[in-house]
Amino acid sequence: MYRKILITALGLFITINIIAQHKTENLIIVTLDGMRWQEVFSGADTTILKIKKFTKDSSGTSNSFAANGAELRRQKLFPFLWNTVAKQGQLYGNRWLNNNVDNANKYKFSYPGYNEIFTGYADTLVNSNDKIWNKNTNVLEFINQQKRYENKVAVFATWDVFPYIFNSKRNGLFVNADVDTLKFKNPSLQLINDMQFLTTKPIDVRPDVFTYFAAREYMKAYKPKVLYIAFDETDDFAHAGEYDQYLKSAHAEDAMIADLWNYIQTTNEYKNKTTLIITCDHGRGDIIKENWQHHGEKVEDAGQIWIAAIGPDTKPLGEIKTGGLLYQKQLAATFATILGFNFKSNNEVAAPIKSIYN
Ligand SMILES: [Zn+2]
């Protein structure tokens with residue numbers, strides 16, 4: 001009996017201690033669809049830049065993104081990742097340094113990838129990009145049900161399959177995708193709503209910049225505690241074989257993330273209590289150079305991904321240069337744990353990535 005009380009007291013002490021040490025109250029997640037780790041860690045691929053069918057404006061694109069050495073090139077392409085996250089946060093997935101991040105799912109395309117990120121489970125039954133209501137419980141709906149987080153979780157996505165991936169019909173999660181009307185009285189959101197219906201659509205869904213501004217203005221007006229922004233252009237331009245556009249979209253998305261991070265630093269609700277995690281749903285080929293465009297089950301190296309994190313609980317380790325292997329499915333529990341929650345689901349949930357919050 002005595003021992004039981006002691007153990008209970010000890011457990012309580014440890015729990016209180018963990019909560020006390022915890023600084024993160026808000027979480028921002030951003031994904032760049034199908035963004036390869038190769039460009040994240042070494043910038044523009046100089047071989048693909050020279051192949052005319054992939055890079056129409058070879059000299060212009062080279063002027064923007066080419067440089068001698070991987071470190072300079074990656075800084076040109078992703079200035080926020082390499083000037084800010086690499087100094088104050090962490091970057092996982094440089095396989096040239098034997099630091100690996102993998103899809104646990106074997107399919108290596110979008111819906112299975114996003115399902116894995118947000119449910120913590122690589123479900124073999126999730127094997128299509130079709131608009132199917134997801135049966136699995138996701139970590140965002142879980143957080144949305146926690147005290148102080150009710151109706152404080154929001155998703156802004158370019159791709160129109162996200163309402164199905166999160167099954168917002170079942171759980172009432174706020175998911176604004178593609179040209180879902182922005183029904184707000186806020187004048188900025190009304191303007192973005194008008195623009196998203198009138199813009200050209202090079203990738204057939206609203207451009208990422210509208211997804212970003214909708215998310216940013218929503219954040220300013222309604223102060224969500226968890227915000228997920230899902231960009232899409234990189235994947236579409238890669239499939240189209242347009243390497244220059246793929247790089248330009250990646251560069252623009254990096255700038256949008258920087259803009260958001262700068263906003264966070266100027267706002268009392270978010271400053272010093274917000275963690276930002278950036279990742280992707282899948283990689284693309286590289287062993288066979290032409291496969292940079294493609295991904296999926298048949299592309300051997302398309303399950304190779306990357307993760308970046310920055311925030312008050314994340315040690316400034318920069319680029320992780322030690323060997324290791326992380327899985328995409330570990331992100332769901334990481335999102336929950338960094339906010340002080342223990343994500344449970346009807347499926348097995350993979351362990352969180354401790355080094356991000358320890
Ligand atoms: Zn794709």
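The values are calculated or read from the model by the stated rules, or taken from the named source; none is laboratory data. Just so it is clear, the model here is predicted, and its values are computed rather than measured. For neighbour counting, all protein chains shown are included, and Cβ atoms are generated from backbone atoms with ideal geometry for every residue, glycine included. Areas reflect the complete protein model, heavy atoms only, side chains present, ligands, DNA and RNA absent. Shrake-Rupley method; radii C 1.70, N 1.55, O 1.52, S 1.80 Å.
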Exercise for review: Using only the C-alpha atoms of the stretch 279-358, find the volume of their convex hull and express it per residue in Å³.
Suggested key: 121
Study note, to complete from the structure: On the accessible surface of the stretch 223-270, probed at 1.4 Å with all protein chains in place, carbon and sulfur together account for a percent value of 46
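Please compute the length gained on full extension between K271 and I287, using 0.36 nm multiplied by the number of residues separating them and subtracting their Cα-Cα distance. List each step's numbers first, then the result.
Values: separation 16, 0.36 × 16 = 5.76 nm, distance 4.19 nm.
Result for the pair: 1.6 nm of gain on full extension.
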Study note, to complete from the structure: For the N346, S59 Cβ pair and Förster radius 41 Å, calculated FRET efficiency rounded to 0.05 is 0.15
Practice item. Can you spot the lysines whose alpha carbon is less than 23 Å from K50's alpha carbon? Ignore those fewer than 8 places along the same chain. Key: K76, K248, K289
Exercise for review: Would you pull out the residues with amide H under 5 Å of Y228's amide H, same chain only if 5 or more places away, H placed 1.01 Å from N?
Suggested key: I29, A154, V155, F156
Exercise for review: Measure out, as a whole number of angstrom, how far apart the alpha-carbon centroids of the stretch 75-131 and the stretch 294-350 sit.
Suggested key: 7
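Computed over the Cα atoms of the stretch 166-295, what is the ratio Rg over Rh, Rh following Kirkwood? Present the calculation step by step, with values, prior to reporting the outcome.
On the way: Rg = 16.3 Å, Rh = 16.4 Å.
Radius of gyration over Kirkwood radius for the stretch 166-295 works out to 0.99.
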**Study point:** Isotropically averaged projected area of the stretch 217-358, using the convex hull of Cα atoms (one quarter of hull area), nm²
**Key:** 10.6
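What ranking, highest mean first, results for peptides 244-251, 129-136 when packing means the other Cβ atoms within 10 Å averaged over each residue?
Details: 244-251: 23.0, 129-136: 14.4.
The packing order, highest mean first, is 244-251, 129-136.
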Point to revise | Percent RCO, i.e. relative contact order, over the chain, from Cα pairs under 8 Å lying at least 6 residues apart | key: 31
Study note, to complete from the structure: Under the 7 Å Cα-to-Cβ spin-label approximation, E150 and K131 lie apart by a distance in nanometres of 3.1
Study note, to complete from the structure: Cross-link reach from K169 to lysines, straight Cα distance under 25 Å and at least 8 residues apart if same chain, gives K131, K135, K147, K152, K183, K185, K223, K225, K329, K344
Review point. Which residues in the stretch 338-358 have a backbone N closer than 17 Å to a point placed 7 Å from the Cα of Q21 along the Cα-to-Cβ line?
Key: 338-342, 352-358
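For the chain, what is the Kirkwood hydrodynamic radius in Å, using each pair of distinct C-alpha atoms?
Details: mean 1/r = 0.0481 Å⁻¹.
Taking the inverse mean of 1/r over all distinct Cα pairs, the chain comes out at 20.8 Å.
Between A70 and K220, how high is the FRET efficiency from 1/(1 + (r/R0)^6) when r is the Cβ-Cβ distance and R₀ = 35 Å? Nearest 0.05. Show your work: numbers first, answer last.
Values: r = 37 Å, r/R0 = 1.05.
Once the sixth-power term is evaluated, E becomes 0.45.
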Practice item. Could you please put D33, D102 in sequence from largest to smallest accessible area, using a 1.4 Å probe? Key: D102, D33
Revision key, fill the gap. Expressed in angstrom and rounded, the centroid-to-centroid distance over alpha carbons for the stretch 164-178 and the stretch 191-255 is 18
